[in-house]
Amino acid sequence: MGKLSTKENKNIYQRSREQAGLTRAAASEQLYMSASRIEKIENGSRPHPDEVLKMAECYRNPALCNDYCCHLCEIGQKYVPKVEMKELSQITLEMLASLNALAKEKDRLIEITVDGRITEDEVPDFLAIQKQLEQMSLIIDSLQLWIKQAVTNGEIDPVLFGQAE
């Protein structure tokens, strides 16, 4: 059996492996990746996207993919927001609050966009609505991550959620 790490500042890959109850040697066998490569990634080397996909599956942590995209991928750093893992009840309450706020702005959005252009006096209202829509998008991403994690953990049937392979 491998020894436990005493390293204090473990990165997300090492924490995920350890939470999955795997030593580097055991992870190496499941990932078809050398233990030394795993060690390098855990000590700060940049993993390749295919390695992250394999680790996310092996370690049963789909959040690894979002973390990679928003922190290490140049395109993702620009276009992929960091999605926080939250409890379903918190996601639901945030979604309801966001829907309520957007419902109040629906008529204003129609007024602004009905003519196919946004005038200078409409810009502040439109930007406020856009910000609310971005918030809703993050909440939806959080819900999708929650579903992936629940499927991975066997808490929900993957077939019912279109997650079956």
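Values for this structure:
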quantity: Average accessible surface area per residue within the chain, 1.4 Å rolling probe, Å²; calculated: 67 Å²
quantity: Over the range 37-145, relative contact order from alpha-carbon pairs under 8 Å, at least 6 apart, %; calculated: 25 percent
quantity: For the chain, calculated [θ]222 nm from helices alone, where every DSSP H run of n ≥ 4 adds -39500 (n - 2.57); calculated: -20000 deg cm²/dmol
quantity: Cα shape, the chain, gyration tensor, a/c 1.5 rule; calculated: prolate
quantity: Theoretical gain in end-to-end length, LYS40 to GLN19 [0.36 nm per residue, Cα-Cα removed]; calculated: 5.7 nm
quantity: Cα-projected label distance for TYR79 with ALA97, points at 7 Å along beta-carbon direction, nm; calculated: 3.0 nm
quantity: Lysine pairs meeting the criterion (Cα under 18 Å, 8 or more apart or interchain), as found in the chain; calculated: 11
quantity: Apportionment of accessible area to carbon and sulfur, the range 61-134, percent (1.4 Å); calculated: 59 percent
quantity: Whole-Hz couplings from phi, Karplus 6.51/-1.76/1.60, listed for the range 100-116; x for Gly and Pro; calculated: 4, 5, 5, 4, 5, 9, 4, 4, 5, 4, 4, 4, 5, 9, 4, 8, x
quantity: Virtual spin-label span in nm between PHE126 and GLN149, 7 Å along Cα→Cβ; calculated: 3.7 nm
quantity: LEU88 paired with ASP115, simple spin-label distance in nm, labels 7 Å along Cα-to-beta-carbon; calculated: 4.7 nm
quantity: Note, ³J(HN,Hα) from phi for the range 37-52, Karplus 6.51, -1.76, 1.60, rounded to Hz, x at Gly and Pro; calculated: 5, 4, 4, 4, 4, 5, 9, x, 5, 6, x, 7, x, 5, 5, 5
quantity: Long-range HN-HN contacts of VAL80 with modeled amide H, under 5 Å; calculated: none
quantity: Calculated from backbone phi, Karplus (6.51, -1.76, 1.60) coupling profile of the range 150-155 in Hz, x at Gly/Pro; calculated: 5, 5, 4, 7, x, 7
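The values are calculated or read from the model by the stated rules, or taken from the named source; none is laboratory data. Only a predicted model underlies this, so the values are computations on that prediction, with no experimental measurement involved. When we count neighbours, we look across all protein chains shown, and the Cβ atoms used for this are built from the backbone with ideal geometry, even at glycine. Areas reflect the complete protein model, heavy atoms only, side chains present, ligands, DNA and RNA absent. Shrake-Rupley method; radii C 1.70, N 1.55, O 1.52, S 1.80 Å.
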